[in-house]
Amino acid sequence: MAGPRKPKSLAFLCRRSPWGSGHAAEMLEAILIAGAFDQEVHLAFVDDGVFQLVRDQRPELLGRRPLEESFRELADLDVEHIWVERESLDERGLDAAELILGATAIDRSAMTDLLARMDAVFGA
Amino acid sequence: MKLTILVTEAPFGGQAAATALAYIRAALARGHAIERVFFYCDGVHNANRLAAPPGGEANLVRDWSSLASSDGVDLVVCINAGSRRGLREANLAPGFRISGLGQLVESVILADRLVSFGA
């Protein structure tokens with residue numbers, strides 16, 4: 001661990017639906033902080049986590065804050081790597097066109113490769 | 001190797017926190033270093049000194065405190081996650097401190113590995 005530190009690649013693996021628990025909101029909070037540290041931050045949405053990216057949700061009906069606001073803040077922090085697994089979308093009848101802007105659909109094997117080359121993966 | 005540990009589950013409701021503690025003890029016994037243990041989400045309950053399990057049951061809060069005093073492990077509780085769950089300075093068990101999420105990110109940058117329990 002000697003020498004100047006180069007930025008680390010950090011992935012947040014988001015696997016949970018947005019409103020069934022507080023998990024998605026709290027992980028997004030951690031992602032926003034990580035985004036301020038000048039590291040290479042990636043967001044990886046798989047399984048029910050893909051529902052977090054669906055556009056035009058109205059969580060205020062549940063007394064919750066929309067995740068979309070936080071996703072917009074991420075863009076300001078230059079966190080541009082938002083990946084969503086194509087198989088997870090297909091399994092849930094979702095289309096990439098229904099998602100917030102900026103999410104890129106990749107297939108499962110590409111997702112696996114991405115996570116394998118990260119310095120650290122936050123399970124979320 | 002330098003390890004950062006993330007705990008996101010409460011001490012009694014699940015197994016993850018107890019497994020994290022056992023993992024840390026094993027890592028220390030093998031000569032690894034713990035950069036920091038960060039308690040997030042329901043993991044903040046691990047730091048509540050008011051927890052009082054019935055006699056004969058494990059007391060994980062006390063076990064974390066003794067890990068801090070015996071091995072000097074840095075135990076950090078997320079202030080936002082704690083506030084949401086009624087955990088604050090006044091009911092913090094010995095050996096824990098309250099700070100922000102930046103402490104999690106910083107320790108991941110400094111460590112060789114991040115190991116998560118309860119994700």
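Values in this text are rule-based calculations from the coordinates and carry no lab data. Model, not experiment: these values are computed from the prediction. Cβ coordinates were reconstructed from backbone atoms using ideal geometry, including for glycine residues, and neighbour counts include every protein chain displayed.
Can you check what the net charge comes to around B:Glu89, using other residues whose Cβ is under 13 Å from the Cβ of B:Glu89 (Lys, Arg +1; Asp, Glu -1)? It would help to have the intermediate numbers written out before the result.
Values: positive: B:Arg49, B:Arg88, B:Arg97; negative: none.
Value of the local net charge: +3.
Debye sum, Cα scatterers, chain A, no solvent: what log₁₀ I/I(0) at q = 0.10, 0.12, 0.23 1/Å? At q = 0.10, 0.12, 0.23 Å⁻¹ the computed log10 ratios are -0.30, -0.42, -1.50.
The Cα atoms of the range B:2-117 define a convex hull whose projected area, averaged across directions, is 6.6 nm². Using only side-chain charges placed at the Cβ, +1 for Lys and Arg and -1 for Asp and Glu, the dipole size of the range A:9-123 relative to its Cα centre rounds to 300 debye. Computed FRET efficiency, Cβ-Cβ of B:Tyr23 and A:Ala97, R0 45 Å: what is it to the nearest 0.05? Efficiency for this residue pair is about 0.55.
In a DSSP loop and with at most 14 other Cβ atoms within 10 Å, the trypsin sites (Lys or Arg not before Pro) in the range A:16-102 are A:Arg55, A:Arg92. Computed from Cα positions, the angle between helix A:67-76 and the longest principal axis of chain A comes to roughly 30 degrees. Derived from the Cα gyration tensor, the three semi-axes of the equivalent ellipsoid of the protein assembly as shown are 32, 21, 16 Å, largest first. Among residues other than B:Asp74 with Cβ under 9 Å from its Cβ, the summed charge is +1 (Lys and Arg +1, Asp and Glu -1).
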